[in-house]
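A short write-up of the structure that comes next.
The values are calculated or read from the model by the stated rules, or taken from the named source; none is laboratory data. Since we're looking at a predicted model, the values are computed, not measured. Neighbour counts are summed over all protein chains in view; Cβ atoms, including those assigned to glycine, are modelled from backbone coordinates with ideal geometry. To get the accessible areas, we keep the full protein, side chains included, count just its heavy atoms, and leave off ligands, DNA and RNA. Shrake-Rupley method; radii C 1.70, N 1.55, O 1.52, S 1.80 Å.
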Amino acid sequence: MQGDPKLIETLNSLLADELTAINQYMVHAEMCESWGYEKLAKVIEQRAIQEMRHAEKLIQRVIFLEGRPIVSELRKINIGEDVPKMFAHDHKAEFDAIKAYNEAIKLAGEVNDFATREVLESILQDEDKHIDEIEETLDQIKHMGVAIFLATKA
């Protein structure tokens, strides 16, 4: 099925966002693991795996729409030098992703591609969960202090 060119371009832009997030999360997970925060590393790694699944869905959809998935483009990756900065960067990435998915959902509706809109809505629900989890973690760090928070994540 030939898809709308603007929508395919938007899907590829979202794909670049997801591929960037995967890299950022994997680096953050490995940093946490190397610092001995294995529980925290696992949480971040699981988020990276969810982003991989999002990338897979976007690739499948681009191919279905007879487009060409572009997997060679990344956005700027923001690596935090400590855990609070990591989560601040991750929060920004998720905030931007939510905005981009909402815009893409609107576009999919405008071009009457409701199946693509449904795929995007399911990914958006995951992104909402991600930002909620990140905000929860930032609140815990604020309330406990970073030292106590990190003591619970070893």
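Yes/no matrix, rows are residues, columns are (1) assigned to a helix (DSSP H, G or I); (2) in contact with a Gly (Cβ under 8 Å, 6 or more places away or on another chain); (3) of a type in the set (Phe, Trp, Tyr):
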{"site": "SER13", "(1), (2), (3)": "yes, no, no"}
{"site": "ALA16", "(1), (2), (3)": "yes, no, no"}
{"site": "GLY36", "(1), (2), (3)": "no, no, no"}
{"site": "GLU45", "(1), (2), (3)": "yes, no, no"}
{"site": "HIS54", "(1), (2), (3)": "yes, no, no"}
{"site": "GLU66", "(1), (2), (3)": "no, yes, no"}
{"site": "VAL71", "(1), (2), (3)": "no, no, no"}
{"site": "PRO84", "(1), (2), (3)": "yes, no, no"}
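If LYS99 meets every condition in (1) of a type outside the set (Ser, Thr, Tyr); (2) under 30 Å from ALA147 (Cα atoms); (3) surrounded by fewer than 16 Cβ atoms within 10 Å (Cβ to Cβ) apart from one, which number is that one?
(2)
Only one of ILE134, ILE59 is among the β-branched types (Val, Ile, Thr), at pLDDT 95 or above, buried (at least 16 other Cβ atoms within 10 Å of the Cβ) and in contact with a His (Cβ under 9 Å, 6 or more places away or on another chain); which?
On the way: ILE59 fails: in contact with a His (Cβ under 9 Å, 6 or more places away or on another chain).
One residue alone meets the criteria, ILE134.
Determine, yes or no, whether GLY109 is exposed (fewer than 15 other Cβ atoms within 10 Å of the Cβ), touching a helix residue (DSSP H, G or I) at 6+ places or on another chain (Cβ under 7 Å) and either more than 30 Å from VAL146 (Cβ to Cβ) or not acidic (Asp, Glu) (or both). Explain how you work it out, then say what you get.
Numbers: exposed (fewer than 15 other Cβ atoms within 10 Å of the Cβ): yes; touching a helix residue (DSSP H, G or I) at 6+ places or on another chain (Cβ under 7 Å): yes; either more than 30 Å from VAL146 (Cβ to Cβ) or not acidic (Asp, Glu) (or both): yes.
Yes: the conditions hold for GLY109.
Yes or no: the range 20-33 includes at least one residue that is in a helix (DSSP H, G or I), touching a Phe, Trp or Tyr at 6+ places or on another chain (Cβ under 8 Å) and not polar (S, T, N, Q).
no
So GLU136 passes all but one of these: (1) farther than 30 Å from GLU38 by Cβ; (2) among the charged types (D, E, K, R); (3) free of Cβ contacts under 8 Å to residues at least 24 places away in the same chain. Which condition number does it fail?
It fails just one condition, (1).
Residue-wise test of (1) open to solvent by less than 80 Å² (accessible area, probe 1.4 Å); (2) in a helix (DSSP H, G or I); (3) at pLDDT 95 or above.
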| position | (1), (2), (3) |
| --- | --- |
| ASN78 | yes, no, yes |
| GLU81 | no, no, yes |
| ASP90 | yes, yes, yes |
| ALA93 | yes, yes, yes |
| ILE105 | yes, yes, yes |
| THR116 | yes, yes, yes |
| LEU124 | yes, yes, yes |
| ASP128 | yes, yes, yes |
| LEU138 | yes, yes, yes |
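Which residues, taken from the range 20-54, are buried (at least 21 other Cβ atoms within 10 Å of the Cβ) and among the small types (Gly, Ala, Ser)?
Matches in the range 20-54: ALA21, ALA29.
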